[in-house]
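Here the structure comes first, spelled out in structure tokens, and everything after it is commentary.
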2 protein chains.
Amino acid sequence: MWEKQILLLPGPTPVPERVLRAMGRPAVNHRGPDFKAVLQEVTRGLKDVFQTGNDVLVLTSSGTGAMEAAVVNFLSPGDKALVLSVGQFGDRFKKICKTYGIEVIAPEFAWGTAVAPHKVEEVLTADTSHEIKAVLVQHNETSTGVLNDIASISRARGDHPALMIVDAISGLAAAPLKTDAWGLDVVVAGSQKAFMLPPGLAMISVGPRAWERAVNNKSPKYYFDLQAARDNLTQSQTPYTPAVSLFMGLLESLKMIQEEGQNECLSRHVFYRDVVRAGVKALGLELLAPDTIASPAVTAVRVPPGFKAGDISRPLRDKYQVIVAGGQGKLKEEIFRIGHLGYVQLTDLLAALSALELVMQDLNLPVRPGAGVAAAQQVILAGRSG
Amino acid sequence: MWEKQILLLPGPTPVPERVLRAMGRPAVNHRGPDFKAVLQEVTRGLKDVFQTGNDVLVLTSSGTGAMEAAVVNFLSPGDKALVLSVGQFGDRFKKICKTYGIEVIAPEFAWGTAVAPHKVEEVLTADTSHEIKAVLVQHNETSTGVLNDIASISRARGDHPALMIVDAISGLAAAPLKTDAWGLDVVVAGSQKAFMLPPGLAMISVGPRAWERAVNNKSPKYYFDLQAARDNLTQSQTPYTPAVSLFMGLLESLKMIQEEGQNECLSRHVFYRDVVRAGVKALGLELLAPDTIASPAVTAVRVPPGFKAGDISRPLRDKYQVIVAGGQGKLKEEIFRIGHLGYVQLTDLLAALSALELVMQDLNLPVRPGAGVAAAQQVILAGRSG
């Protein structure tokens, strides 16, 4: 226990030393001026990352709490919602909606594929009486490593007044997302992803069209009441005691993102994705998602026939301290997932690919030692010269 | 900003260096064996502190989230609940119940007084058809510094089958609470109080009678669904990503409580309360709660006539870096509150009393310099010899 690990999960990601130090500051009064200043600066920084002039609220919960908030503040029992699920987290939106008596319309998309925007257009065009109150979709589907084309999906609504509610928990700051330019009414994010923080905070942006719907909303809510959060934020406060130490860390990680530059941060994620995909392909392993929709945050790799996810991930962990994730839901044993978001470095990826080669050799899988690492190096050298 | 402060709030409390260091450990996989071991050990430690064999679940939220969980898992819309409020947090239970369509029966108790157990007996005895499904009450009412007699209130139920739901957020490990011996079906706690952690985790114990009610419960819930939490805990997991770094801190702070000894920890809180109360009384200030029901976690002091809470708390903070809380709700300006729970030391209290004397002199309030500190010293010396 407590060995030095290479953490390559689709979140939580490693936490930078300077963020850990910021979190280790002495406690402050969450109702005093120090914390107010922190909350104001955090909110400003988040608006930059969300690319929005909308309100951005920070909740003390995991990302799922903010997904619930996105449902219970803007949809009422009996409302219809178009839920575009391409994996585990899309299915979670369905479950939350059903829990609160919201009628779910959910066209089928295979896991490993992306949402087809024309399907959205089809459904919404047919909904001439505007019974569908919102479109719910993942930006990056963590369970399959698929990036949805949120701009096109949002545009596919045409004149239909459905709110656009986007779960960008694992995608924000790893893949482009323009809240205002793309007309996204509600966007959800989480601390333990590209923000490089431990889990425990969730962020949610809310635009004017969504706030209008919140006024007469009939879903019960207390802890996740976003109007209470907004009212408190005008006093630079939160309605309930916030996770102060994580806010301190967030302030620091936002500085790091600003120092790196948002475009550079996004490019890095794409670059790392390409490094991982090239390496994995060169080992003869199959990738779940095609290149065109491949996530810059996480890469899902098919487990070779005759094996289960744990046959790969367990020796990676136990022999080489490389931590990757298995699959989720119906792909639990079929894939393993390499996270490359947040505070990850090239050397982490090279070491992980090398460890993967070793594990494959142990399992007597056909692999040319060094092939994965060599392919990754090619991408790195091309990237440097490019 | 970031001056060395003496934090004397009714939570968050100062965080011990070793807890900060534990929180600063590198991230681990929340689905891997390291975290499973942490969750198991934390759960064992919490059961000791709760004094229970019941399930104890840890939620990633502030304490209010667990208060909501205590309502939505065990009470259904249309149910009646006896809410015993003696302050701001009792009123919060009322609001949460009303949000979920639960009918609230709430006898009046003045702020600064404790719940009268005979009132509970009266109401429940009259409820011959057992329409009241639960009694909700604060162990320690943070807003007024009053400790309720939970054992007697629980006993006052007699044969009535109402569940006993206790908010012990600011009281657990500061004042005695025996979950099983007192027959408490649900008990809620929070990380930022006597557990000496930053905010962000809430704990909730659930006994068999409560679990029975959960089965056919009709209140909608997703993030706060405790049956999902219990099912996941059998696999040493949480249903949604937990605030890993706070769990690491909790593991350490539970060790500290164990090292100190639970009885010693409780005695310390009573001792510190007596030190503060003696000091404040000697300054001629009036205490809100009488000695018999005075909280070992926080002491509410009446602001002298003609002044507001901020007239005391602001100079304490700005001139002397002593952080106390103002009042809440209808006592917002009438009282200020000195927290003495969690990671607080005698020297903190002596310095704070001395700073209070200085502020009173600045305000031209009648005070004999040194009188408060001298009275506190007497209690300390008596305590040492006792």
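When you look at A:GLU252, is it of a type in the set (Asp, Glu) and either in contact with a Lys or Arg (Cβ under 7 Å, 6 or more places away or on another chain) or not in a helix (DSSP H, G or I) (or both), yes or no? Yes; evaluated as a whole, the condition is true for this residue.
Restricting region A:307-344 to residues that are of a type in the set (Asp, Glu) and under 27 Å from A:GLY90 (Cβ atoms), the residue that is surrounded by the most Cβ atoms within 10 Å (Cβ to Cβ) is A:GLU334. Selection over region B:175-202 of residues that are assigned to a loop (DSSP other than H, G, I, E, B), closer than 21 Å to A:HIS30 by Cα and touching a residue at least 60 places away in the same chain (Cβ under 8 Å) gives a count of 9.
Scanning region B:205-221 turns up one or more residues that are closer than 27 Å to B:GLU264 by Cβ, in contact (Cβ under 8 Å) with a residue 12 or more places away in the chain and crowded, with 24+ Cβ neighbours inside 10 Å.
Go through region B:203-221 and give me each residue that's assigned to a loop (DSSP other than H, G, I, E, B), within 14 Å of chain A (Cβ to nearest Cβ) and either in contact with a helix residue (DSSP H, G or I) (Cβ under 7 Å, 6 or more places away or on another chain) or over 22 Å from A:ARG92 (Cβ atoms) (or both). Scanning region B:203-221 gives B:SER219, B:PRO220, B:LYS221.
Being in contact with a Phe, Trp or Tyr (Cβ under 7 Å, 6 or more places away or on another chain) and at pLDDT 95 or above is a property that does not hold for B:PRO107. Determine, yes or no, whether B:PRO296 is assigned to a loop (DSSP other than H, G, I, E, B), away from chain A (no Cβ under 14 Å), at pLDDT 95 or above and at negative phi. Criteria met by B:PRO296.
Contact map, region A:260-278: residues that are more than 16 Å from A:GLY171 (Cβ to Cβ) paired with residues that are crowded, with 18+ Cβ neighbours inside 10 Å and among the charged types (D, E, K, R), Cβ distance under 9 Å, separation 6+ or inter-chain. Pairs shown: A:GLU260/A:ARG268. Can you confirm whether region B:148-156 contains a residue that is without any contact (Cβ under 8 Å) to a residue 60 or more places away in the chain, of a type outside the set (Ser, Thr, Tyr) and surrounded by 24 or more Cβ atoms within 10 Å (Cβ to Cβ)? Yes: region B:148-156 contains one or more residues that are without any contact (Cβ under 8 Å) to a residue 60 or more places away in the chain, of a type outside the set (Ser, Thr, Tyr) and surrounded by 24 or more Cβ atoms within 10 Å (Cβ to Cβ). If the requirement is being within 14 Å of chain A (Cβ to nearest Cβ) and under 20 Å from the mean Cα position of the chain (by Cα), which of these qualifies: B:THR60, B:THR52, B:THR113, B:THR99? Within the list B:THR60, B:THR52, B:THR113, B:THR99, the selection yields B:THR60.
Among the residues of region B:45-66, the ones that are of a type in the set (Gly, Ala, Ser) and surrounded by fewer than 22 Cβ atoms within 10 Å (Cβ to Cβ) come to 2 in all.
Among the residues of region B:222-236, those that are more than 12 Å from chain A (Cβ to nearest Cβ), surrounded by fewer than 20 Cβ atoms within 10 Å (Cβ to Cβ) and part of a helix (DSSP H, G or I) comprise B:GLN227, B:ARG230, B:ASP231, B:ASN232, B:LEU233. Count, please, the residues in region A:13-22 that happen to be surrounded by fewer than 24 Cβ atoms within 10 Å (Cβ to Cβ) and more than 7 Å from chain B (Cβ to nearest Cβ). Adding up the residues that qualify gives 5.
If I ask for residues that are polar (S, T, N, Q) and in a loop (DSSP other than H, G, I, E, B), which ones from region A:139-174 would you list?
Hits for region A:139-174 are A:THR142, A:SER143, A:THR144, A:ASN148, A:SER170.
Any residue at all in region A:252-268 that's at pLDDT 95 or above and farther than 23 Å from A:GLY11 by Cβ? Scanning region A:252-268 turns up no residue that is at pLDDT 95 or above and farther than 23 Å from A:GLY11 by Cβ. Of the residues making up region B:111-121, one or more are closer than 30 Å to A:PHE35 by Cα, assigned by TED's automatic domain parsing to the domain that holds B:PRO242 and surrounded by fewer than 24 Cβ atoms within 10 Å (Cβ to Cβ).
Yes or no: region B:23-46 includes at least one residue that is in a helix (DSSP H, G or I), within 12 Å of chain A (Cβ to nearest Cβ) and among the polar types (S, T, N, Q). No, that holds for no residue. Check whether at least one residue in region A:74-90 is facing chain B (nearest Cβ under 9 Å) and touching a residue at least 60 places away in the same chain (Cβ under 8 Å), and report yes or no. Yes: one or more hits. Quick check, is B:LEU356 away from chain A (no Cβ under 11 Å) and in contact with a His (Cβ under 8 Å, 6 or more places away or on another chain)? The answer is no for B:LEU356.
If you go through region B:237-269 and keep only what is away from every other protein chain (no Cβ under 14 Å) and either within 29 Å of A:LEU197 (Cα to Cα) or crowded, with 16+ Cβ neighbours inside 10 Å (or both), you end up with B:LEU254, B:LYS255, B:MET256, B:ILE257, B:CYS265, B:LEU266, B:ARG268, B:HIS269.
The values are calculated or read from the model by the stated rules, or taken from the named source; none is laboratory data. Computed from a prediction, not measured in an experiment: that's the story for all the values here. All Cβ positions, even for glycine, are placed from backbone atoms using ideal geometry, and neighbour counts span all protein chains on display.
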